[in-house]
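Okay, so here's the structure we're looking at.
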Amino acid sequence: MAESTEGIINPPIDELLKRVDSKFGLVIFASKRARQINNYYTDLHEGSLFNNVGPLVDAAVEEEPLSIALREIAEDKLVMTPIDPAEEAEKARAAAEAAADVQFGVDAAEVDAFGPVDGAVTEADADAAAQDASDAAKPADDQGDAAASDAE
């Protein structure tokens with residue numbers, strides 16, 4: 001008896017596209033989940049079980065993480081939730097401020113509210129210093145000629 005052959009993509013791409021908004025979204029969604037599954041197997045090998053979630057469908061050890069991720073999407077074990085870029089940017093900014101507060105002990109809002117930090121060089125100070133340096137570097141001939149014309 002002839003064994004039925006499986007297609008290149010199982011589950012079918014049309015079934016997967018019903019669960020996401022675009023092909024690009026499917027690729028990103030499946031690849032992120034495949035990385036999580038791969039990290040799970042790595043952590044499992046190292047003895048750590050608490051960092052990543054393993055496969056949500058029955059999977060053989062030799063099965064590729066991307067195939068597992070695609071099957072999870074097809075069986076509605078994973079649902080893609082759209083994110084708001086502005087909301088994500090705000091979260092990233094808040095996390096960066098918190099990290100700066102922990103690392104440097106200075107609240108970014110305090111720096112903005114109270115002006116520059118004592119001893120800090122402002123852009124205007126730097127421009128004035130550059131102008132003074134260029135004035136001091138002018139050749140002495142110009143100054144000597146001016147003195148000679150004053151004497152006449």
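Here are the numbers for the structure shown:
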{"quantity": "Residue that is modelled with pLDDT of 75 or more and not assigned by TED's automatic domain parsing to the domain that holds TYR41, where the choices are GLN131, GLN103, GLN143", "calculated": "GLN131"}
{"quantity": "Flag if LYS18 is of a type outside the set (Ser, Thr, Tyr) and over 20 Å from ILE83 (Cβ atoms)", "calculated": "yes"}
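The values are calculated or read from the model by the stated rules, or taken from the named source; none is laboratory data. All values reported here derive from a predicted model rather than from experimental measurement. Every residue, glycine among them, receives a Cβ derived from its backbone with ideal geometry; neighbour counts consider all protein chains shown.
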